[in-house]
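In what follows, a single structure is set out as structure tokens and then discussed.
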Amino acid sequence: MSSIEPMNGTEWQEGVAYARGRFVAPAEAVIPIDDRAHQFGDGIYEVIRVIGGRPLLMDYHMERFETSANAIKLRLDRSMEELRQLVLEAISRSGYSDAQVYFQLSRGLARREHAFPNIPSHLSLTVRKMDDSAFDGVREHGLSMTWTDDIRWKLCYIKSLNLLPNVMAKQAALDAGYQDAILVRDGFVTECTSSNIAIVKGQTVYTHPANERVLHGVTRRFALKYLRDTGVEVREEMFTMEELMQADEVFTMSTITEFAPIVKVNGFDVGNKTKSKGSMLRQLQSAYQLQIKHI
Ligand code: PDD
């Protein structure tokens with residue numbers, strides 16, 4: 001009988017895990033084959049960044065988690081406050097200062113049948129150490145991207161476990177020598193494989209409207225609030241690749257990389273003001289750092 005090799009190295013065994021109602025070592029967090037997350041991708045998830053032992057933008061994450069659950073008629077089986085306490089307990093058990101919390105909720109463990117079973121949902125969670133400085137280079141120097149057709153379904157605001165189009169687009173970008181892909185649907189830029197995207201023209205920031213075509217990112221939400229609070233004009237409007245190529249600034253927004261400049265698309269320079277001192281991107285990065293210190 002051949003054994004299945006775990007992921008690279010043993011890092012995956014580190015950290016804290018929670019599954020089937022209790023905290024366990026990650027290696028023990030075995031999920032039964034009949035979990036609907038396995039068989040149908042029937043569930044939702046969140047990724048929260050932890051800095052200095054504190055979760056960032058947790059209210060936004062919790063709100064989105066509840067929205068996603070409701071959108072797919074998934075039972076939460078616990079109050080949002082209980083869930084919040086569980087996440088905080090997991091962070092505290094990990095003892096990590098800088099980490100990522102991943103949690104997902106599946107429709108539960110049931111014999112495989114398409115119809116929804118009337119059973120409790122299943123929450124699983126991990127806390128993994130994160131070397132936040134690993135992303136400093138990207139935040140400073142930026143990303144070289146390509147673009148591709150956005151072939152995802154029509155409910156991208158749901159943070160669903162179904163990420164096949166995203167992982168395929170990411171891998172195709174890497175295989176072609178780029179760092180990530182910008183997704184384009186019906187001629188308009190939607191987002192990237194795991195981040196939202198904005199451009200700046202003059203003093204105005206443009207990003208795709210928060211509708212069913214994009215994930216409503218918490219980092220995007222932070223950015224829009226900050227920019228509007230400081231009097232910057234933000235237009236939640238669609239834009240084309242041509243407009244992106246000619247924009248003054250182009251940047252991504254996501255929990256893990258925070259705000260990162262996009263400096264090239266298919267080898268062409270873009271957003272030549274993005275990295276300059278005082279750019280919208282640099283203002284957002286500073287505001288975010290300040291927020292990190294004050295939560
Ligand atoms: N991804 N768009 C997509 C498709 C994403 O997967 C993500 C985040 C974002 C940014 O959202 P937020 O600011 O809430 O992180 C936008 C997470 C981090 C992931 O799947 O790992």
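The values are calculated or read from the model by the stated rules, or taken from the named source; none is laboratory data. Here the structure is a predicted model, which is why all the values come from computation and not from measurement. So basically every Cβ, Gly included, is an ideal-geometry build from the backbone, and we count neighbours across all protein chains shown.
Quick rundown of the values:
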item: Pick from region 247-280, criterion in contact with a strand residue (DSSP E or B) (Cβ under 8 Å, 6 or more places away or on another chain) and of a type in the set (S, T, N, Q), ranking: farthest from THR193 (Cα to Cα); result: SER279
item: Tally, over region 57-81, of residues that are free of Cβ contacts under 8 Å to residues at least 60 places away in the same chain and closer than 16 Å to THR255 by Cβ; result: 4
item: Tally, over region 34-69, of residues that are crowded, with 19+ Cβ neighbours inside 10 Å, part of a helix (DSSP H, G or I) and more than 16 Å from the ligand (Cβ to nearest atom); result: 1
item: Options ILE72, ILE31: the member that is surrounded by 14 or more Cβ atoms within 10 Å (Cβ to Cβ), closer than 19 Å to ARG128 by Cβ, of a type in the set (Val, Ile, Thr) and in the same structural domain as SER124 (by TED's automatic domain parsing); result: ILE31
item: Matching residues in region 82-102 - criterion: being without any contact (Cβ under 8 Å) to a residue 60 or more places away in the chain and in contact with a helix residue (DSSP H, G or I) (Cβ under 8 Å, 6 or more places away or on another chain); result: LEU83, ARG84, VAL87, ASP98, VAL101
item: Condition met for ARG84 (within 28 Å of PHE135 (Cβ to Cβ) and of a type in the set (Lys, Arg)); result: yes
item: Test: residue in region 82-91 that is crowded, with 17+ Cβ neighbours inside 10 Å and either in the same structural domain as LEU215 (by TED's automatic domain parsing) or in a loop (DSSP other than H, G, I, E, B) (or both); result: no
item: Residue among LYS201, LYS225 that is touching a residue at least 40 places away in the same chain (Cβ under 8 Å), out of contact with any strand residue (DSSP E or B) (no Cβ under 6 Å at 6 or more places or on another chain) and more than 22 Å from LYS154 (Cβ to Cβ); result: LYS201
item: Counted residues, region 208-219 - those being polar (S, T, N, Q) and within 11 Å of the ligand (Cβ to nearest atom); result: 1
item: Residue in region 197-205 that is assigned to a strand (DSSP E or B) and within 8 Å of the ligand (Cβ to nearest atom) present; result: no
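For every residue, the table says whether it meets (1) surrounded by fewer than 17 Cβ atoms within 10 Å (Cβ to Cβ); (2) hydrophobic (A, V, I, L, M, F, W, C).
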position: PHE222; (1), (2): no, yes
position: GLY231; (1), (2): yes, no
position: PHE251; (1), (2): no, yes
position: SER254; (1), (2): no, no
position: THR274; (1), (2): no, no
